Amino acid sequence: MGIFQGIKKGADRVLGRAMELITGSGLDQELLTLEDGEIKDGAVCRSEELTGLIRAAAADSFVLLKNNGALPLKTTDTVAVFGRCQYDWFHVGYGSGGDVHAPYLVNLIDGLRNAGAKIYEPLAEEYRRLCRSKEFAARKGFWGHWPLSHPEVHIPSDVWNETVSNCSDACAVVVIGRASGEDRDSLPKKGSYYLTDDERELLDIVTEHFGRVVVILNIGSIMDLTWLGDYGDKISAALIAWLGGQESGNAAADVLYGAVNPSGRLPDTVAKALSDYPSTEGFGAKNRTVYREGIYVGYRHFEKFAKDRILFPFGFGLSYTDFSFEPHGFVRTKTGVFISVKVKNTGKVPGKTAALIFVAPPKDGLDKPARVLVGFKKTRSLAPGEEQVLTVVADNRALASFSVEEHAFVMDAGEYAFEAEGVHLGGFTLTERITVESVHSLTPTREELKARIEAAIPDEPLAPESVDFSLASVLENRITLDEFVADLSKPELEALTRGHGMMNSPLGPKGNAGVFGGVIKPLQDRGVPAVSCCDGPAGLRMAAYCALIPCGTALAATFDTELVEALHTLLAHEMEFHGADVRLAPGMNLHRNPLCGRNFEYFSEDPVLSGRMAAACVRGVKAGGRAACPKHFACNNQEAFRNLNDSVVSERALRELYLRNFEICVKEGMPDLIMTSYNKINGVYSHYNFDLVTTVLRDEWGFDGAVMTDWWMQYRRSPEYPKLFGSAYRVRSQVDLLMPGARGHLAKRYSSDGTLLRTIGKKGGITKAEIQRSAKNVLNVIIKLKREEIEKTEN
């Protein structure tokens, strides 16, 4: 270990302990000692409706990669379970997106027992003994240094020999697990992306002695799977069990025994080699990551340039039954297309499936992928012989490509053909190129950018009336919000543009991520309430027992937006119970590369799947009366050096991929808040990026909520306005909230850094009108969320 690495590791330990202290109270150590299946009293996250949906979502997410008739199992089958992850099951990834205090955790072995499986107990007990021993107990790691996997334990020869002797007709289940985590990426090494030698040895021995071998991959992101081919028919079945939350062990048993027919599909392409992903070159760079692949990410790349390098394609997933797909209607309008497909269960058992609708665009004109996803729908559970018609609507924007030269989304002349599962569903031919939507250039000159910024600055500050009204007066229509904001002092305005200062603020429920709004007494006296945030997306990260739901990758693999929306409505009810107002989720950056440490939090390599899933999360939370804050806007596609790295991306790739998913979420989900990312985009940190936050998000997409930083920000000076530094720079870009508020990570109280008000009223400085604009953005969100509380303050 070099000197720098040692210093960084020590700093990360300090930060990790600080995160535990300020967010976890005394629950962290207690969680480490949870026994398998133990349920904590007092939890409110064990209702049958909520746990049932968690279990259903997990089961519907699992992807059956291979099945030579070994699955589903029968409860009369003897099952010999190998691999330590049967106990040390990964329910979620590490970090802020997964650190949820679940009331209980069901691992695989308990899930099998709950299903009535005939487990060979001597083997299971030996694994339990070894996994719980001091010598071999799983290590939890610390912030940014989470384990990549748990080293496999070795079964004593006498236990092994007895198992082989007593289980000659048994089905062997081999469990292989991989961890995911924030602030560190997976590595191209054994024990992370690749199998370890011990895992290979385990597979060698088990496949040699057992005729039926089922492999379960307990993972949160894609790993190398070429070894499945090495074993051929010696591996009878392979199932991806994503990080499925507190009920995932039960969900796995549901699928293994056929109580649930697997219907999950891959949200990413699995390649034959890590080097086949064009993004692997340069991934994890410290200062600059050049997105050389442009628009060709995931299946867009493989289906056009490297079909022979696909191991499992995007959207792949087997079932215990069979389905047919037939065209059922195709309507072309001026604004888009309606595509209907009839899905029929042609097999012998009930099951669900998803229809993924792709368009193959014209080859002429702009260079394009061979096909792109335009929409998807999931069937209900269909009985044998039953059919269902699914209709997908795709507007012209979904069919268009971005022309950098024209600063527009265009549809080239030629044939547009639509298909699902290889079945042609219809199409149309354009005789001439059409412009669908013209937008701003995202590569303006310094002078052009400055002109845009100045055009967006409000002309005059709101004039005060010198009347001390409360915020309730706005709701009672005695004054307008403009009049309320006009009367706010500079310190009050400044307080509305940042959080209370620290995580676990005393103004919110214990373990909150931060609080904004009424964070100083003068604002509280005016009836401005505090708004509490909690981390996500795997549930609610608070100092309380909260439901642990399937990870983002798992939810995407369901291809079921209705299920995801219903699950998040129940999460909103849990937020209400715990006093949380804003859930800092969904995470929705694209899976540009399989090594990204936070891929488990995110959805997919595809922007349409990512955007629609995120919109479902947002709608669900809003339906429950709370707010969702999608993140990280944008291009947070690696964890290494995330506070330093510059994502260098072409404008076309931004428009078609890395902004497209957020656009869908904003327009279809209508979130009240958006969180920026840590990284730079083409040289500018996202929390200072005017074109990102104002030109695109607000002006082009119509977003009318508040934008917040990710937790803490990098302090920089504006190149266009050198007097603007830190918060003045971000407010000019309409990044309204600095969260959690203080400049330092370990602050226990707020202390102004002075960067917002220092230049107010000075030539080249921030204007009062700009600060008032951000204050209004924040107050509009507060009014939406806390209307009843505000109204009570007047009574």
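The values are calculated or read from the model by the stated rules, or taken from the named source; none is laboratory data. Worth saying up front: this structure is predicted, and the values here are computed from it rather than measured. Using ideal geometry, Cβ is built from the backbone for each residue, glycine included, and neighbour counts are taken over all protein chains shown. To get the accessible areas, we keep the full protein, side chains included, count just its heavy atoms, and leave off ligands, DNA and RNA. Shrake-Rupley method; radii C 1.70, N 1.55, O 1.52, S 1.80 Å.
Let me know the charge dipole size of the chain about its Cα centre in debye, to the nearest 20, where only the beta-carbon of Lys, Arg (+1) and Asp, Glu (-1) is charged.
On the way: 91 positive and 102 negative charges, 324 e Å.
In debye, rounded to 20, the chain gives about 1560.
Starting from 0.36 nm per residue, how many nanometres of slack lie between E201 and K762 once their C-alpha separation is accounted for?
Taking E201 through K762 to full extension adds about 194.9 nm, to one decimal.
K307: net charge of surrounding residues, Cβ under 13 Å, Lys/Arg +1, Asp/Glu -1, itself excluded?
Result for the neighbourhood of K307: +2.
Amide H of A408: which non-local residues (sequence gap of 5 or more, or other chain) have their own amide H closer than 5 Å, using H built in the peptide plane?
Result for A408 returns S403, V439.
Summing Lys, Arg as +1 and Asp, Glu as -1, what charge do residues with Cβ under 13 Å from the Cβ of L71 carry, L71 excluded?
+1
For n ≥ 4 DSSP H runs only, could you compute -39500 (n - 2.57) per run for the chain, divide by its residues and tell me the 222 nm figure to the nearest 500?
Value at 222 nm, helices only, nearest 500: -8500 deg cm²/dmol.
So what's the net charge close to G52: Lys and Arg +1, Asp and Glu -1, counting the other residues with Cβ under 13 Å from its Cβ? All intermediate terms of the calculation are to be shown ahead of the outcome.
Details: positive: R46, R55; negative: E48, E49, D60, E247, D254.
Once positives and negatives cancel, what remains is -3.
With the crude spin-label approximation of a point 7 Å out along Cα→Cβ, what separation in nm comes out for K307 versus N287?
Taking the simple label geometry, K307 and N287 are separated by 4.3 nm.
Residue farthest toward the positive end of the dipole of region 346-414, with Cβ of Lys/Arg at +1 and Asp/Glu at -1: which of F376, F358, V389?
V389
Rounded to the nearest 0.05, what FRET efficiency is calculated for V423 and A259 with R0 set to 25 Å and r the Cβ-Cβ distance?
Numbers: r = 30 Å, r/R0 = 1.20.
FRET efficiency, V423 to A259: 0.25.
Please report, in Å, the Rg and the Dmax of region 396-539, where both are computed over Cα atoms only.
25.1, 69
Could you report the accessible area of V153 in Å², rounded to 10, computed with a 1.4 Å probe on the protein chains as they sit in the structure?
Surface accessible to solvent at V153 totals approximately 10 Å².
With point charges of +1 on the Cβ of Lys and Arg and -1 on the Cβ of Asp and Glu, referenced to the Cα centre of region 175-251, which listed residue (W242, W227, L187) lies farthest in the positive direction of the dipole?
So the residue furthest toward the plus end is W242.
Which lysines, if any, have their Cα less than 17 Å from the Cα of K521, not counting same-chain residues under 8 positions apart?
Filter leaves K490.
Report relative contact order for the chain in percent, whole number only (criteria: Cα-Cα under 8 Å, sequence separation at least 6). Mind showing how you got there, number by number?
Values: 1914 pairs, mean separation 113.2, N = 795.
Over the chain, the number comes to 14 percent.
Compute the Kirkwood hydrodynamic radius of region 72-163, taking the inverse of the mean of 1/r over all pairs of distinct Cα atoms, and give it in Å to one decimal.
This gives a value of 14.8 Å.
Report, in degrees rounded to the nearest 10, the 0 to 90 angle that the Cα long axis of helix 660-669 makes with the longest principal axis of the chain.
80 degrees
Which of the peptides 590-602, 343-355, 606-618 is most tightly packed, and how do the rest follow, judged by the mean count of other Cβ atoms within 10 Å per residue?
Order by mean packing, descending: 590-602, 606-618, 343-355.
In sequence order, what are the phi-derived ³J(HN,Hα) couplings for region 306-319 according to the Karplus relation 6.51 cos²θ - 1.76 cosθ + 1.60 with θ = phi - 60°, rounded to whole Hz, with x for glycine and proline?
Once θ is set to phi - 60°, the couplings for region 306-319 become 8, 4, 6, 9, 8, 8, 9, x, 3, x, 6, x, 8, 9 Hz.
Could you sort the peptides 128-138, 390-400 by per-residue average Cβ neighbour count (10 Å cutoff), highest mean leading?
390-400, 128-138
Gap in Å between the Cα centre of region 327-344 and the Cα centre of region 443-462?
Going from one Cα centre to the other spans 44 Å.
Using θ = phi - 60° and the Karplus curve 6.51 cos²θ - 1.76 cosθ + 1.60, what whole-Hz ³J(HN,Hα) does each residue of region 211-217 get, with Gly and Pro shown as x?
x, 10, 10, 10, 9, 10, 9
Search the structure for amide H atoms under 5 Å from the amide H of G375, placed 1.01 Å from N in the peptide plane, and list their residues when 5 or more places away or on another chain.
I357
Does a label point 7 Å from the Cα of E162, set along Cα-to-beta-carbon, have any residues of region 95-138 with amide nitrogen under 14 Å, and which are they?
120-130
Roughly how many Å² is the accessible area per residue of the chain, as a whole number, for a 1.4 Å probe? Don't jump to the answer; show the numbers that get you there.
Working: 28790 Å² over 795 residues.
That works out to 36 Å² per residue.
Go through region 588-601 residue by residue and turn each phi into a ³J(HN,Hα) via Karplus (6.51, -1.76, 1.60, θ = phi - 60°); whole Hz please, and just put x for glycine and proline.
9, 5, 6, 7, 5, 9, x, 7, 4, x, 9, 3, 4, 6
With labels modelled as points extended 7 Å from the Cα through the Cβ direction, what inter-label distance (nm, one decimal) is found for A451 paired with D699?
Reported label-point gap for A451 and D699 is 1.1 nm.
Identify, among H687, T280, V175, the residue whose Cα sits farthest towards the positive end of the charge dipole of the chain, taking +1 on the Cβ of Lys and Arg and -1 on the Cβ of Asp and Glu, with the dipole about the Cα centre.
H687
Whose amide H sits under 5 Å from the amide H of G501, counting only residues 5 or more places off or on another chain, with H placed in the peptide plane?
Answer set, sorted by chain and number: V515, G741, A742.
Suppose we keep just the alpha-carbon trace of region 640-795; what are its Rg and Dmax in angstrom?
When restricted to Cα atoms, region 640-795 yields Rg and Dmax of 16.4, 55 Å.
Can you tell me which of 713-719, 550-556, 362-368, 572-578 comes out highest on packing, and rank the rest after it, using the mean Cβ neighbours within 10 Å?
550-556, 572-578, 713-719, 362-368
Take the cross-link list K190/K363; K680/K723; K450/K748; K286/K762; K748/K784 and give me the ones stretching past 31 Å between alpha-carbons. Walk me through the numbers before you get to the answer.
Details: K190/K363 41 Å; K680/K723 21 Å; K450/K748 38 Å; K286/K762 37 Å; K748/K784 29 Å.
From K190/K363; K680/K723; K450/K748; K286/K762; K748/K784, over 31 Å: K190/K363; K450/K748; K286/K762.
FRET efficiency for L430 and K667, Cβ-Cβ distance as r, R0 = 35 Å, nearest 0.05?
Given R0 = 35 Å and the Cβ-Cβ separation, E is 0.90.
If you count the DSSP beta bridges with both ends in the chain, what percent of them are antiparallel, to the nearest 5?
Percent antiparallel among DSSP bridges in the chain is about 60.
Put a dot 7 Å past each Cα toward the Cβ at L475 and K348; how far apart are the dots in nm?
The answer from the label model is 6.2 nm.
Please give the FRET efficiency for N114 paired with D230, using the beta carbon to beta carbon distance and R0 = 22 Å, rounded to the nearest 0.05.
Given R0 = 22 Å and the Cβ-Cβ separation, E is 0.10.
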